[in-house]
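Here the structure comes first, spelled out in structure tokens, and everything after it is commentary.
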Amino acid sequence: MGSTSTYRVTLVPGDGIGPEVTTAAVRVLEATGLPFEWEEVEAGGEVMVKYGTPVPEHVFHSIRRNGVALKGPITTPIGGGFASANVAIRQKLNLFANVRPAKSIPAIKTRYENVDLVVIRENTEDLYSGLEHIVAPGVVESLKVITETASLRIARFAFEYATKNGRKKITAIHKANIMKLSDGLFLECCRRAAKEYPDIQYTELIVDNLCMQLVRDPSQFDVLLLENLYGDIVSDLCAGLVGGLGVVPAANIGVDVAVFEAVHGSAPDIAGRNIANPTALILSGVMMLQWLGEHEAASLVEKAVHDALSDRGCVTPDLGGTATTTEFADAVVARLKQLTKA
Ligand code: NAI
Ligand code: MG
């Protein structure tokens, strides 16, 4: 175990299924017995009405002060309305790396076995710059911004991550055949970083080919290194390979600050019914425990989740079961208590 002082963590419940899955994840994390103190803050559409912005300053202050947050998803209006609260949090806190492991879970049968890859997504620029304008009626431009600084930073992060986590191979993903300048620069930065880490194997693949290869044989991939938009799309694809959005966690990492949230969104189609799968956010909590240096607690929670998933009676409807969010969380907590007693 790491230090025993209290961990102050900012908690952003979000909206849609956010409050349901964050409640479940907090219960499981509390059951580790570690001393957590949760500082709850709101962000999103309702906050917009009150503060005129989906992410008020006090949310950033809280996350900066604590250095760590656990976050539920936040709905973003489509085709109008305010900018994404999720993107704002990542950009403003400079959470430049989005780490999304997709690993087969033995208890969940999918078309694939032995998937064990990590998506590393640049998190601050690309088409998420939010720079769009109407050139003339019927003509719009969206600006894709790629910088040497951000590309080199994410590439070095990926190689450092691979080195520290025993990963052997990094595949940089691009469309530099079409976007010769922007994706060309990204690739050039990946190649520079690759030279600094000769022990890690380095390859490149065009993004459309990657999608085809992923559905044919995902076990051939180790670490995927992508710009923001490709990373967003490919990580949902990878979630589908291992059981869906209900089970894949993620971490947004910056310098001395990290925000842990699942890959999935607010799932309005199932919100408020207590049927969302909290596994993705609980496993994001496991990534948080690792980040805090609580490796033993992290392994125990992960094992408790895998044990609970192997009981068909425990799982939520997305995995073919009938359990509620609360019942699944109960099952994980019960298994965790058994494991900590053992
Ligand atoms: P989504 O990820 O919310 O849902 C896609 C599908 O997966 C839905 O059928 C949903 O029911 C299912 N699903 C997602 N999470 C699940 C879970 N934990 N358990 C069981 N089933 C689950 O994507 P969608 O519908 O495209 O987006 C909804 C909203 O979420 C949008 O406003 C979007 O902007 C926002 N969003 C927010 C994110 C964040 O807060 N980081 C990330 C992605 C989307
Ligand atoms: Mg996404």
In a solvent-free Debye calculation with one equal scatterer on each Cα, what is log10 I(q)/I(0) for the chain at q = 0.07, 0.10, 0.15 Å⁻¹, listed in the order of the q values?
-0.28, -0.59, -1.36
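Any of K92/K168; K71/K169; K50/K71; K103/K303; K71/K303; K92/K180 with alpha carbons more than 24 Å apart? Name them for me.
Numbers: K92/K168 32 Å; K71/K169 30 Å; K50/K71 20 Å; K103/K303 14 Å; K71/K303 22 Å; K92/K180 28 Å.
Pairs exceeding the cut-off: K92/K168; K71/K169; K92/K180.
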Toward the positive end of the charge dipole of the chain, about the Cα centre and with charges on Cβ (Lys, Arg +1; Asp, Glu -1), which of G265, F157, T316 goes farthest?
F157
From a point 7 Å beyond the Cα of V140 in the direction of its Cβ, which residues of the stretch 61-98 have a backbone N at a distance under 20 Å?
75-88
Translational diffusion coefficient (Stokes-Einstein; Kirkwood radius from C-alpha pairs) of the stretch 35-165 at 20 °C, 1.002 mPa s, in µm²/s:
121 µm²/s
Of all DSSP beta bridges in the chain, what percent run antiparallel (nearest 5)?
45 percent
What list of ³J(HN,Hα) couplings, whole Hz, do you get for the stretch 224-229 from phi and the Karplus terms 6.51, -1.76, 1.60, once you set θ to phi - 60° and write x for glycine and proline?
9, 10, 9, 5, 4, 5
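Let me know the charge dipole size of the chain about its Cα centre in debye, to the nearest 20, where only the beta-carbon of Lys, Arg (+1) and Asp, Glu (-1) is charged. Walk me through the numbers before you get to the answer.
On the way: 32 positive and 40 negative charges, 121 e Å.
Dipole of the chain, to the nearest 20 debye: 580 debye.
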Can you tell me the accessible area per residue over the chain, all protein chains present, probe 1.4 angstrom, in square angstrom?
44 Å²
Set Lys and Arg Cβ to +1 and Asp and Glu Cβ to -1, take the dipole of the chain about its Cα centre, and tell me which of P77, A25, C238 lies farthest positive.
C238
Backbone HN-Hα couplings from phi across the stretch 172-184 [Karplus 6.51/-1.76/1.60, Hz, Gly and Pro as x]:
7, 10, 7, 9, 6, 5, 9, 8, 5, 7, 5, 5, x
Where q = 0.15, 0.17 Å⁻¹, what log10 of I(q)/I(0) comes from the Debye formula for the stretch 206-342, counting one point per Cα?
-0.84, -1.04
Interchain or long-range residues, amide H under 5 Å from Y202's placed H
I170
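Between E160 and K92, what FRET efficiency comes out of the Förster formula 1/(1 + (r/R0)^6) with R0 = 35 Å and r the beta carbon distance, rounded to 0.05?
Working: r = 24 Å, r/R0 = 0.67.
About 0.90, to the nearest 0.05.
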Straight-line reach from K175: which lysines have a Cα under 24 Å away, not including same-chain ones fewer than 8 places off?
K144, K195
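Scan the stretch 134-215 for trypsin sites (Lys or Arg not before Pro) in coil per DSSP, keeping those whose Cβ has at most 14 other Cβ atoms within 10 Å, and list them by number. Before the final figure, lay out the partial values.
Details: sites: K144, R153, R156, K164, R167, K168, K169, K175, K180, R191, R192, K195; in loops: K144, R167, K168, K175, K180.
Within the stretch 134-215, the qualifying trypsin sites (Lys or Arg not before Pro) (loop, at most 14 other Cβ atoms within 10 Å) are K168, K180.
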Among T147, N114, M179, pick out the residue whose Cα is farthest towards the positive end of the charge dipole of the stretch 111-241, where Lys and Arg carry +1 and Asp and Glu carry -1 on C-beta, about the Cα centre.
N114
Under a crude label model (7 Å from the Cα following the beta-carbon direction), how far is R65 from S310 in nanometres?
4.3 nm
Near the amide H of A102, under 5 Å away, which other amide H atoms are found, from residues 5 or more places off or on another chain, if H is placed in the peptide plane?
L117, V118, V119
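Could you compute Rg(Cα) / (2.2 N^0.38 Å) for the stretch 111-241, with N its residue count? Working shown, then result.
Values: Rg = 15.4 Å, N = 131, 2.2 N^0.38 = 14.0 Å.
Ratio of Cα Rg to 2.2 N^0.38 Å: 1.10.
The values are calculated or read from the model by the stated rules, or taken from the named source; none is laboratory data. These figures come from a predicted structure and were not determined experimentally. So basically every Cβ, Gly included, is an ideal-geometry build from the backbone, and we count neighbours across all protein chains shown. Ligands, DNA and RNA are excluded from the accessible area calculation, which covers all protein heavy atoms including side chains. Shrake-Rupley method; radii C 1.70, N 1.55, O 1.52, S 1.80 Å.
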